[in-house]
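Student: This structure is in structure tokens; I'll ask about it shortly.
Values quoted throughout were computed directly from the atomic coordinates according to the rules given, and no laboratory measurement underlies them. What you see is a predicted model; the values in this text were computed from it and never measured. Cβ: placed from backbone, ideal geometry, glycine included. Neighbour counts: every protein chain shown.
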Amino acid sequence: MFGITVLVSGGGTNLQAIIDSIADGELKSAEVFIKKVISNNKDAYALERAKNAGIKGEVVSPKDYPDRGAFEHALKDAIDESAPDLIVLAGFLVVIPKEIVASYPQKIINIHPSLIPSFCGKGYYGLKVHEAALSRGVKVTGATVHFVDEGTDTGPIILQKAVNVEENDTPEILQQRVMKEAEHIILPHAIALLAK
Ligand code: GRF
């Protein structure tokens, strides 16, 4: 068995793709299971998805701690308690503290909604990534799964998948296509590769 801890901040569609693949897909045969879902946002719908799937959810919010250091310490404790074989950042919008990166070398992966090194790094998250792709006028974009290192979206690339940009795309339409045709495919696949 291969136990993963998934960190989320928002809607949780990537978490849902992992849950669905564990139920009846590639992750089922790879004997992957989710030990815990951790969110920095108590209102994240991803926590609802975890609950519906019978998975333990935990909120570690900066708002609940006196300073950044105390929050980061609590986040590390919450991860360590689950003793994961792999940590998966699935739409997690908090920069991972270097102490956590150092404690889990090559054991933290992230999904980014562009073909790194395009449209990534500080300030490029969520819809902002797709707004930048559309304003640059790229004809192809996609998603990347990479190992997390001390930087932002700078770790070694594991998988990428391209999608076409269509004539009348809005950032929202493009985000949905990148999620459905790229993110939700390569994130479970990357986890399966690492589990095997
Ligand atoms: C989306 O912008 C997605 O592209 C990125 O994180 C955001 C939320 O994803 N990976 P999710 O629906 O919470 O998985």
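Student: Could you pull out the pairs from 63/196; 63/161; 35/139; 63/98 whose alpha carbons sit more than 31 Å apart here?
Tutor: Result: 63/196; 63/161; 35/139 exceed 31 Å.
Student: Read phi for every residue in the stretch 144-154 and hand back ³J(HN,Hα) as whole Hz from Karplus 6.51 cos²θ - 1.76 cosθ + 1.60, θ = phi - 60°, with x for Gly and Pro.
Tutor: With the stated coefficients, the stretch 144-154 comes to 9, 10, 9, 6, 8, 10, 5, x, 10, 6, 10 Hz.
Student: If the label point is 7 Å along Cα→Cβ of residue 45, which residues in the stretch 1-33 have backbone nitrogen under 12 Å from it?
Tutor: Label zone hits: 10-14, 16.
Student: Another one. Rounded to the nearest 0.05, what FRET efficiency do residue 24 and residue 107 have when you use their Cβ-Cβ distance and R0 = 45 Å?
Tutor: 0.95
Student: Okay, moving on. Under the Karplus relation 6.51 cos²θ - 1.76 cosθ + 1.60, θ = phi - 60°, what is the ordered set of whole-Hz ³J(HN,Hα) values for the stretch 91-107, x standing for Gly and Pro?
Tutor: These are the phi-based 3J(HN,Hα) values: x, 8, 9, 9, 5, 6, x, 5, 5, 6, 4, 5, 7, 10, x, 6, 10 Hz.
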